[in-house]
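The values are calculated or read from the model by the stated rules, or taken from the named source; none is laboratory data. All of these numbers come straight from a predicted model, not from anything done at the bench. Quick reminder, even Gly has a Cβ in these numbers, built from the backbone with ideal geometry, and neighbours come from all protein chains shown. We work out accessible area using only protein heavy atoms, side chains counted, and drop any ligands, DNA or RNA first. Shrake-Rupley method; radii C 1.70, N 1.55, O 1.52, S 1.80 Å.
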Amino acid sequence: MKKLLFQILFLLPALSSMSQAFLLVSGTVTELNTGNPIANQAVIIHNDSSSGTYFYHTTLTNSSGFYMDTIINGGSQGNLYVGTVDCQNYMHLQSFVYTPALNSFTADFAICYSNNPCAAGFTHQQTQPLTVQFTDASTGGGNLRNWMFGDGSTSSQANPSHTYSVPGYYDVTLTIGALGTTCYNAVTQTILVQDSTGGGCQAAFVMIPDSVNTPPNTFYFEDYSSGNNIHSYFWNFGDGTSQYVTFPGNPNVVHTYLQAGTYTACLTIQSADSSCYDMTCLTFVIGSGGGCQANFTEYSDSVNTTNQYHFIDMSAGNIISWNWNFGDPASGPNNISSVQNPAHIFTVPGTYNVCLTIHGADTTCYDVTCHTIVVGGGSGCQANFSYGTDPALGDHTIAFTDLSSGNPTAWSWSFGDGTAGTVQNPVHTYAGPGTYIVCLTITGNNCTSTFCQNVVITDSTAYHQVYGQVFAGNFPVTDGLAMIFSVDTTGSYTPYVAVFPLDSNGVYYFTMVPDGNYYILAIPFDPSGYLPTYYGNTISWTQATLISLGTPNNPYNINLVLSDQMTPGPGSASGQINMGDVSNSMVDKVNMILLNSQGKAIGFTPVSTTGEFDFSTLAYGTYYLHAEMPGITSDYVMFTVSAAKPHTDVVMTFTGNKILGIGETAALASSWSVFPNPVVEKLTINIELKQGINAEAGIYDMTGRLVENKRVFLNEGINTIDISTASLPSGIYFLRLFSKEGLLFSTKLVKTQ
C-alpha cells in the first residue's frame, strides 16, 4: 500500500471549495441535574482519516450553552465524532456517519459541570465471629453503592453484612455514584476482622526504626493486639527498661537503645477483669557496624500464587546470614526465613511489617531494616485528584478535587509554580498560561502516596498540533498507539506525556502540545515482528530525532524497526518495576525490550499499570532486559534460563530518571566505593571482585546523555578506576558501572568547580 500523503490527509486552506462538501454540526451543552446551559465548554469535533481527508477542531459554547461549527470535508463519506469532557474528566462521545446526502448533525450533551458536595464514607462493627456489619455514611451519590470487602467479594447493598473466611486485616472500599455523573467518589478503610468477639485476646506489635531523627537507635513500638476490653499494656524492651500504659492511654511508645546489640522486646496485654491475658516477644538486632547496611526490596507474585511476595536482599557488607521476620505470625514456622532472597505467602490480605536482620563474618557487622507492605485487597492508599476551571474565577484559576483512597489525614500539594498548599481541595490561581506539573502527596494510616499530572493553562498561541503516520514496512500500522514525551530535566522525571491510538490508516495526532522539545514513540500492539520505534526510526531515545516546538514540521512519520528472530522454547522470565520516588502513572509508559546474548533486540512487552512484565516461551540461553522510556537511563539486566532453571524473576526500581535492575546473577563484587563526592577533577572507583571481567564505567547527565565513558578490564581482587571530570560543568550526574557478567552499580554524583 502506498503511503498516504499528508497534504491530502490534512486540510489545507488553499484547497478549492468547489471540490469539497460541508458538514454542519451544532448542539447544546447543559448541566446534568439543573438543565442550565454551560458556557465556554470545549466541544471537540474530528473524523477518521480513512475518509481521504482529516479534520480536527475545538469550538466553545456561548452563554446559552449553544455551539455550531461548519467543517469543509474533502471526502464523500466517513465517520464523524463529537465529544466533550465533564467535571470528572470523562469524555462523552457521539458518533455519526456522513454521506453526500447526510451532512447536518445535532449533538446535545447533558453533563456534570461542577463537583457537587459528595464524599464516600462508612462505619463498621463486628457483630459475630468473622462477620462485620457495614453502615453507609456517605454524602451524595444517589443510591449507587459498590462495596469491595478486600477478600474478592463485592456488594451493591446500602448497608451490607459480610462474613469473612479467616481473621485478619482487610482493605474495604466503598465507591458511590457513577463515573461521569455529578458525584463519583471512593474511600478505603483497613479493618481488623477477628475470629471471636468475647474476652479472648492476642498480643501483637511491630517495631519500626526511626532512621531520620535523633538520637540514634530509636524505635517506634506500635501495638497491633486484638481483643476486646484490653486495659493495660506492659512493654519490656529487653535492655533492663520497661513502660506501663493503661487505658485510655496510647499503647504505642517510643524507645531509644543506648548501645547496639541483640535484644528481645515483649508486650503483655491484660483486661481489667483478667479474663484477657497474652504476651508476645520479638528478638532483633539494632545498631550497625563493620560497614553492614540492611536493605531489601519486594514485589508481589500476582500470577502464580495469591498473597505471595518475593523479597530481594539489597544489603551491603560482608554478610553471611539473613534473618527474615514477615510479621505474619498466623503463618507459623513460615513466618521466619534464613534464605537470602525468600518468598512468603501471607496468610490473609492486610498490612504487614517485614524486617530483615543481617550478620557479618564477625560480631561487629549487623543491621536491621523494616518495610511496611500491603498484601491483597487493594493498594493501602493511592493519591489521586482531578481539576477543572471555573470561568467565574478567571481562566488561570484551577479548582482541585482530592480523589485519593485509603483515608488520608494530611494533603500536601505542589502546584508546579513554586507554591504549595495543605488544603484537601484547594483552589489555585496561576500567574499565566503554561503546563504545570501538579503533585499531591497524601499521608496517614501508615501509608504515603504521591500522584502527579500535567495541568495545562490554556493559551492558544502557545500550543501546537503534531501529527504523523506509522508504518510497518510499506503498510500502515492500524493497531497501536503513539506517545509524545517532553524532554524532562527536573531529575524527578515528570515530563509532559500524551497518548493517542493509531486510526485505521496508522495516523496519530496530538493537539494542545505546548512549546518545547519532544520525542515521539510509536508502539505496535502486536509484539511480534516489530519493535517500539521513535521518530527518527530507532528503538533508543538516545538516538531518536528530537522535535522542537515552536514551529511544527508535520508530518512526523515513523517506520517501525524490525526485530531480530526469537526462537521459542520452554523457558520464561517475568518481573516487576517498583516505583521508587516516581509517580505510578508513569510505569505503564515503559516498554521492556528483550535482547539475545549478542545484544540484538528480539521482542518487547509493555509494562502493566502495576509494574509487571513477562516473557513466555523462551528458548534456553542467556538474555538481557532493558527498560526503554524517553529520558530514562536504564540498566541491562542479564538472566539465563536452562533445563535446570527454566524460569527467572527480575526486579527493577524506577527512581529519579533512571531504572535500576536486579537480576539473579550472584554478586560479583565484595565491596566498592566512589570518592570524592562532590567531585572536582577526578573520580576514583575502588572495587573488589570475585572474578576478572570486562566492565564499562559511564557518567550520565540529568537527561540521560552519556558524557564520560571508560572501558576497563578488572582483575579478581581489588581494582582502582580513575575517570576525569575536569571538563564537566557543575551539576548532578549519575555514575553507572556495568558488565555483561552481571556487575551493576549506580550512584548519584555532584560535580563542583
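Details
- Single residue of region 27-52 satisfying the filter (open to solvent by 20 Å² or more (accessible area, probe 1.4 Å) and in a strand (DSSP E or B)) that is modelled with the lowest pLDDT: His46
- Flag for Thr648 being free of Cβ contacts under 8 Å to residues at least 60 places away in the same chain and among the polar types (S, T, N, Q): no
- Test set (1) at pLDDT 85 or above; (2) surrounded by fewer than 12 Cβ atoms within 10 Å (Cβ to Cβ) - Phe675 fails condition number: (1)
- Number of residues in region 307-343 that are more than 15 Å from Thr369 (Cβ to Cβ) and touching a helix residue (DSSP H, G or I) at 6+ places or on another chain (Cβ under 7 Å): the value is 3.
- Filtering Gly661, Gly631, Gly603 for residues that are buried (at least 19 other Cβ atoms within 10 Å of the Cβ) and modelled with pLDDT under 75 leaves a single hit, Gly661.
- Screening Thr622 on (1) part of a strand (DSSP E or B); (2) of a type in the set (Val, Ile, Thr); (3) modelled with pLDDT under 80 shows it passes everything except condition (3).
Table: residues versus (1) at pLDDT 80 or above; (2) part of a strand (DSSP E or B); (3) not polar (S, T, N, Q).
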position	(1), (2), (3)
Val245	yes, yes, yes
Ile269	yes, yes, yes
Asn304	no, no, no
Pro333	no, no, yes
Gln340	yes, no, no
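- For region 685-733, the set of residues classified as among the aromatic types (Phe, Trp, Tyr) and either open to solvent by less than 70 Å² (accessible area, probe 1.4 Å) or modelled with pLDDT under 80 (or both) consists of Tyr700, Tyr733, listed by residue number.
- Residue that is farthest from Gly140 (Cα to Cα) [pool: residues in region 53-72 that are modelled with pLDDT of 85 or more and among the hydroxyl-bearing types (Ser, Thr, Tyr)]: Tyr67
- In this structure, Val470 qualifies as of a type in the set (Val, Ile, Thr), at pLDDT 80 or above and over 20 Å from the mean Cα position of the chain (by Cα).
- Residue within region 475-482 that is at pLDDT 80 or above, surrounded by fewer than 21 Cβ atoms within 10 Å (Cβ to Cβ), more than 30 Å from Trp413 (Cβ to Cβ) and in contact with a Ser or Thr (Cβ under 7 Å, 6 or more places away or on another chain) present: yes
- Residues within region 222-243 that are outside any strand (DSSP E or B), in contact (Cβ under 8 Å) with a residue 24 or more places away in the chain and of a type in the set (Gly, Ala, Ser), tallied: 2
- Filter result for Thr542 (open to solvent by 30 Å² or more (accessible area, probe 1.4 Å) and under 24 Å from Val587 (Cα atoms)): yes
- Any hit, region 131-144, residues being at pLDDT below 85, assigned to a strand (DSSP E or B) and over 30 Å from Gly27 (Cα atoms): yes
- Neighbours by Cβ (under 8 Å, 6+ apart or cross-chain): first from region 353-373, closer than 15 Å to Gln340 by Cβ and open to solvent by 40 Å² or more (accessible area, probe 1.4 Å); second of a type in the set (A, V, I, L, M) and at pLDDT below 75: His359/Val285
- Scanning region 606-628 for residues that are of a type in the set (S, T, N, Q) and either buried (at least 19 other Cβ atoms within 10 Å of the Cβ) or in contact (Cβ under 8 Å) with a residue 40 or more places away in the chain (or both) turns up Thr610, Ser616, Thr617.
- All of (1) in contact with a Ser or Thr (Cβ under 8 Å, 6 or more places away or on another chain); (2) modelled with pLDDT of 90 or more; (3) open to solvent by less than 30 Å² (accessible area, probe 1.4 Å) hold for Val587 with one exception: (2).
- Looking across Phe525, Phe615, one residue alone is within 26 Å of the chain's Cα centre (by Cα) and at pLDDT 90 or above. It is Phe615.
- Region 235-268, residues that are out of contact with any strand residue (DSSP E or B) (no Cβ under 8 Å at 6 or more places or on another chain) and closer than 23 Å to His359 by Cβ: Leu258, Gln259
- Scanning region 209-218 turns up no residue that is modelled with pLDDT of 75 or more, assigned to a strand (DSSP E or B) and open to solvent by 30 Å² or more (accessible area, probe 1.4 Å).
- Residues in region 504-519 that are under 16 Å from Asn554 (Cβ atoms) and assigned to a loop (DSSP other than H, G, I, E, B) were compared, and the one that is least open to solvent (accessible area, probe 1.4 Å) is Gly506.
- Yes/no for Gly75 being of a type in the set (Gly, Ala, Ser) and either touching an Asp or Glu at 6+ places or on another chain (Cβ under 6 Å) or modelled with pLDDT of 75 or more (or both): no
Table: residues versus (1) assigned to a strand (DSSP E or B); (2) in contact (Cβ under 8 Å) with a residue 40 or more places away in the chain; (3) open to solvent by 50 Å² or more (accessible area, probe 1.4 Å); (4) in contact with a Lys or Arg (Cβ under 7 Å, 6 or more places away or on another chain).
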{"residue": "Ser528", "(1), (2), (3), (4)": "no, yes, yes, no"}
{"residue": "Gly536", "(1), (2), (3), (4)": "no, no, no, no"}
{"residue": "Ser548", "(1), (2), (3), (4)": "yes, no, yes, no"}
{"residue": "Thr551", "(1), (2), (3), (4)": "no, no, yes, no"}
{"residue": "Asn554", "(1), (2), (3), (4)": "no, yes, no, no"}
{"residue": "Asp564", "(1), (2), (3), (4)": "no, no, yes, yes"}
